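Q: Attaching a single structure in structure tokens format; questions to follow.
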């Protein structure tokens, strides 16, 4: 308990107590706190400190005095952790990929909040409880030293030379791994055909990986020839992992395809530091940070009114040239995700 000098008058003492209440405890809003906790899918932070989060966290602290504590994991893993802690919430902000942001919403883990600037985000990329903050797309990567020309189609990956040299992150656990499942269903024209193919691919697949970020270093070193990833993450880490190339396998149409896979952020329900978390979400959607989605993150701005013109934006446009982009019905996928994952486990013996 705070101790006050005896010389304080009753009215002065009351003022001090009131001030202490407003700045110290803050209830669920955490009004006086100088730290928030962000649970996030991997891909936006770099080990060398040059990543998007590294830059944004530093700028946010300089601007507001609020430090960001960062916890990273697979998209599904972060939602599961948030659910386990629901009775005693530790996180303030969740950043994850679809359909896991929809899953978090469905579990009642997110609170309604529309950050400043979110009205500039396309309607399909935001909801009452979350908003896309960095646009992104599923991709595959290949080792450019041992595999100078990437596979053109899914069927090319069935070749015997890829035995023990292909790996994709686990559907239902990792956001990018779940996206592989979604792309396969789209490219093969349905769940049954997609599962039949993934069952065949299993002979070359190394096995499960809870995090997609673990696969890029293996591909760069040549331990893997092919792995899944996403454009933002893999483009951003090419400086430190130069022996990886981005490609998009084609399905039955013969055209390379990918799906929109944005990083989406939401305010956690009953967050310990609500007021500060809202400031952080506002900051993520600010024009200055959105411009860094390409220049620093190697991704794409979520706001349509922010047009990136930096060298990364030019390179990214070239990577995406000629690739057919489809936008899944994430509400439907979230609803049926468990059955899709069960079908995948059955087909692959996972």
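The values are calculated or read from the model by the stated rules, or taken from the named source; none is laboratory data. In this text, all values refer to a predicted model and were calculated from it rather than measured experimentally. Note that we place each Cβ from the backbone using ideal geometry, even for glycine, and neighbour counts take in every protein chain shown.
Q: In this structure, is residue 93 outside the structural domain of residue 327 (by TED's automatic domain parsing), buried (at least 20 other Cβ atoms within 10 Å of the Cβ) and either within 17 Å of the chain's Cα centre (by Cα) or modelled with pLDDT under 95 (or both)? It would help to see each step written out before you state the result.
A: Working: outside the structural domain of residue 327 (by TED's automatic domain parsing): yes; buried (at least 20 other Cβ atoms within 10 Å of the Cβ): yes; either within 17 Å of the chain's Cα centre (by Cα) or modelled with pLDDT under 95 (or both): yes.
In short, yes.
Q: When you check residue 158 against the structure, is it buried (at least 18 other Cβ atoms within 10 Å of the Cβ), more than 16 Å from the chain's Cα centre (by Cα) and within 28 Å of residue 245 (Cβ to Cβ), yes or no? Outline the logic, then answer.
A: Values: buried (at least 18 other Cβ atoms within 10 Å of the Cβ): no; more than 16 Å from the chain's Cα centre (by Cα): yes; within 28 Å of residue 245 (Cβ to Cβ): yes.
No; evaluated as a whole, the condition is false for this residue.
Q: Among (1) within 20 Å of residue 236 (Cβ to Cβ); (2) assigned by TED's automatic domain parsing to the domain that holds residue 170, there is one condition residue 148 misses while meeting the rest; what is its number?
A: Status for residue 148: all satisfied but (1).
Q: What's the total number of residues in region 76-122 that are under 17 Å from residue 302 (Cα atoms) and in a helix (DSSP H, G or I)?
A: So the count comes out to 4.
Q: In region 251-258, is there at least one residue being crowded, with 21+ Cβ neighbours inside 10 Å, within 22 Å of the chain's Cα centre (by Cα) and within 30 Å of residue 289 (Cβ to Cβ)?
A: Yes: region 251-258 contains one or more residues that are crowded, with 21+ Cβ neighbours inside 10 Å, within 22 Å of the chain's Cα centre (by Cα) and within 30 Å of residue 289 (Cβ to Cβ).
Q: Follow-up. Suppose we filter 169, 132 for residues that are in contact with a helix residue (DSSP H, G or I) (Cβ under 8 Å, 6 or more places away or on another chain), within 26 Å of residue 317 (Cα to Cα), in the same structural domain as residue 281 (by TED's automatic domain parsing) and buried (at least 21 other Cβ atoms within 10 Å of the Cβ); which single one remains? Can you show your working first?
A: Values: 169 fails: in the same structural domain as residue 281 (by TED's automatic domain parsing).
Criteria check complete, one pass: 132.
Q: Would you pick out the residues in region 133-142 that are assigned to a strand (DSSP E or B) and closer than 30 Å to residue 152 by Cα?
A: Filtering region 133-142 down to residues assigned to a strand (DSSP E or B) leaves 133-135, 137-142.
Matches in region 133-142: 134, 135, 137, 138, 139, 140, 141, 142.
Q: Counting residues that are closer than 20 Å to residue 235 by Cβ, which helices (runs of 4 or more DSSP H) fully inside region 253-350 reach at least 2?
A: Details: elements: 274-284, 287-295, 311-320, 330-348.
Hits in region 253-350: 287-295, 311-320.
Q: Does region 294-324 hold any residues that are under 21 Å from the mean Cα position of the chain (by Cα), more than 16 Å from residue 263 (Cβ to Cβ) and at pLDDT below 95, and which are they?
A: none
Q: Sticking with this one: Can you pull out every residue in region 172-202 that is under 21 Å from residue 335 (Cβ atoms) and part of a loop (DSSP other than H, G, I, E, B)?
A: Residues satisfying the conditions are 172, 173, 174, 188, 189, 190.
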